[in-house]
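Chemist: Let me give you the structure first, and then I'll get to my questions.
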Amino acid sequence: MSSLKIIQISHTFPPYVGGLSHVIYMLSKALAKKHSVEVLTFDLSGNLPKEEEVDGVTVKRFRGYAPSNAYFFPSVEILSYLRSVRADVIHAHNIGSLLVPASSYVIHKRKNCELFVVSPHHHSSGMLWHTKMFWIPYKPLAGKVIRKADVVHCVSNFEAELVAKDFKVKPVVVENGVDDEIYKYSWDSSHALNGDLITATFVGRLEKYKRADMVLRACAILAKQGVKVRANIVGEGPEIGSLKEDADKLGVDARFLSNLTQDELFELYAESSCLVNPSMYEAFSLVSAEALAIGLPVVVVKPWGQIFGEYPRAMVVEPEDESLAEGIISSRTLGVNPMKHVLTWSEVADNLFSYVYSRPS
């Protein structure tokens, strides 16, 4: 395998918390074992190092602008830097970020890479009322950027179908992965399902669109039916206060956890009865993949939940409180089903090289 110079462009990277931030970090770290990898990203606070080495990855941070933690306008500095570099592959992430069309314009004008790849992480619309409105005039521009890419990479068949429908392109699918370390853990059904208590675990950023409140309402429905159930709500975000109020009003047995180490999170998976993800805006759910990797039953909702339809321990339900409650109960029978292997990030990096980065432009 020949070594490449790869530039990843993303508006977010650790220490910022979130699914995309984690994806860029894990993917870049895995690629850096065999290639030269540089990440261009934002520092919205202005307090982070402008340049540092992170697990073999060169990270360069620039100021950006994100009103309402959305849009992600690039600064002049990041575009000026992008004009000056050359790489074998430049890979831009998240079409919802205005950094991507701006980068596309610079790259095509400068012709400074052999292959320009776009991963849209496409949800079909915005997640806030104003981003939903903005998406209407923005969608044609997003389509032009996606169609001009040498390769469009999607992280699931579900996303690829959506991108093909909305933008008339044929994406290459390489699914996201899980940390190799997770395979040190395994779900113990005899322990997790011992007794009458069901522990339904939610993990994610506590934003409205993640719909963690739906987990609480589903647990309340089960409690009224006489089921002994506890909700584990893991994460941080602006909805934390509202969720705690909901738990009190509904009389739900709920634990709120945050700042878990990776080991603590994986141990929580192993001790839970099921993982529940009721969000309706996911290109690929990393926490669901992590749970399935250790054998934990997972309850996800339509439409994106169909990503995991081929996993015997996943249950896809309608995005409604009653359906989610029924899914939590039914998930107790999924533990007898066989497990399907979830790719590790090392395997994802190899697949990305083979099926995306090695394609002729």
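Chemist: Leaving ligands, DNA and RNA out of it, report the carbon-plus-sulfur percent of the accessible area of region 225-361 at a 1.4 Å probe.
Modeler: Of the solvent-accessible surface of region 225-361, carbon and sulfur hold 47 percent.
Chemist: Can you run phi through the Karplus equation (6.51, -1.76, 1.60; θ = phi - 60°) for region 42-52 and list ³J(HN,Hα) in whole Hz, with x for Gly and Pro?
Modeler: Working through the residues one at a time gives 9, 10, 6, 8, x, 10, 9, x, 5, 8, 7 Hz.
Chemist: In the P(r) worked out for region 219-361, what percent of Cα pairs fall beyond 22 Å?
Modeler: Cα-Cα pairs of region 219-361 separated by over 22 Å account for 46 percent.
Chemist: Cα-Cα pairs above 35 Å in the chain: how many percent?
Modeler: Within the chain, distances greater than 35 Å cover 24 percent of Cα pairs.
Chemist: Determine which lysines satisfy two conditions relative to LYS139: a Cα distance under 19 Å, and not lying fewer than 8 residues away in the same chain.
Modeler: Within the straight-line limit of under 19 Å, LYS139 reaches these lysines: LYS148, LYS165, LYS168, LYS170.
Chemist: Explain nothing, just the number: dipole magnitude of the chain about its Cα centre with +1 on each Lys and Arg Cβ and -1 on each Asp and Glu Cβ, in debye rounded to the nearest 20.
Modeler: Magnitude of the dipole: close to 1580 debye.
Chemist: Moving on to the next point. Among ALA200, MET214, PRO14, whose Cα sits farthest toward the positive end of the charge dipole of the chain (+1 at Cβ of Lys/Arg, -1 at Cβ of Asp/Glu, about the Cα centre)?
Modeler: The listed residue farthest towards the positive side: PRO14.
Chemist: Follow-up. With springs connecting C-alpha atoms under 10 Å apart, model the chain as a Gaussian network and identify which of HIS122, HIS91, HIS108 has the largest mean-square fluctuation.
Modeler: So, out of HIS122, HIS91, HIS108, the one fluctuating most is HIS108.
Chemist: Rolling a 1.4 Å sphere over the protein heavy atoms, what is the accessible area per residue of the chain, to the nearest Å²?
Modeler: 44 Å²
Chemist: Given N residues in region 1-69, what is Rg(Cα) / (2.2 N^0.38 Å)?
Modeler: Expressed relative to 2.2 N^0.38 Å, the Cα Rg reads 1.10.
Chemist: Taking the Cα centre of region 174-243 as the origin, how large is its charge dipole in debye, to the nearest 20, when only Lys and Arg (+1) and Asp and Glu (-1) carry charge on their Cβ atoms?
Modeler: 500 debye
Chemist: Another question, if that's okay. What 222 nm value per residue comes from the helices of the chain, counting each DSSP H run with n ≥ 4 as -39,500 (n - 2.57) and dividing by all residues, nearest 500 deg cm²/dmol?
Modeler: The per-residue figure over the chain is -11000 deg cm²/dmol.
Chemist: Checking the cross-link filter: which lysines have an alpha carbon closer than 27 Å to that of LYS228, excluding same-chain neighbours under 8 positions apart?
Modeler: Qualifying lysines at Cα under 27 Å: LYS208, LYS210, LYS244, LYS249, LYS302.
Chemist: Can you give me the % of accessible surface on region 9-55 that is carbon or sulfur? Probe 1.4 Å, all protein chains present, nothing else counted.
Modeler: 54 percent
Chemist: Above 16 angstrom, tally the Cα pairs of region 283-323 and express them as a % of all pairs, no decimals.
Modeler: 28 percent
Chemist: In terms of modelled amide H atoms, which long-range or inter-chain residues lie less than 5 Å from the amide H of LEU4?
Modeler: Distant-sequence amide H within range of LEU4: SER36.
Chemist: Still on this structure, I have one more. Let me know the volume per residue of the alpha-carbon convex hull for region 171-285, in Å³.
Modeler: Given the Cα convex hull of region 171-285, per-residue volume reads 120 Å³.
Chemist: Next question, about the same structure. Charges at C-beta only: +1 for Lys and Arg, -1 for Asp and Glu. How large is the resulting dipole of region 5-98 about its Cα centre, in Debye rounded to 20?
Modeler: Roughly 180 debye, rounded to the nearest 20.
Chemist: Starting from the Cα of GLU53, step 7 Å toward the Cβ, then list every residue of region 13-43 with an amide N under 18 Å from that point.
Modeler: Flagged as within label range: 28-40.
Chemist: Sequence neighbours fewer than 8 away in the same chain don't count; with that in mind, list the lysines whose C-alpha is under 29 Å from LYS50.
Modeler: Reachable lysines: LYS5, LYS29, LYS33, LYS34, LYS60, LYS109, LYS111.
The values are calculated or read from the model by the stated rules, or taken from the named source; none is laboratory data. Bear in mind that the values here come from a model prediction, so they are computed numbers and not experimental data. Glycine also receives a Cβ, built like all others from the backbone with ideal geometry; neighbour counts cover every protein chain displayed. Surface accessibility is based on the protein's heavy atoms, side chains included, excluding ligands, DNA and RNA. Shrake-Rupley method; radii C 1.70, N 1.55, O 1.52, S 1.80 Å.
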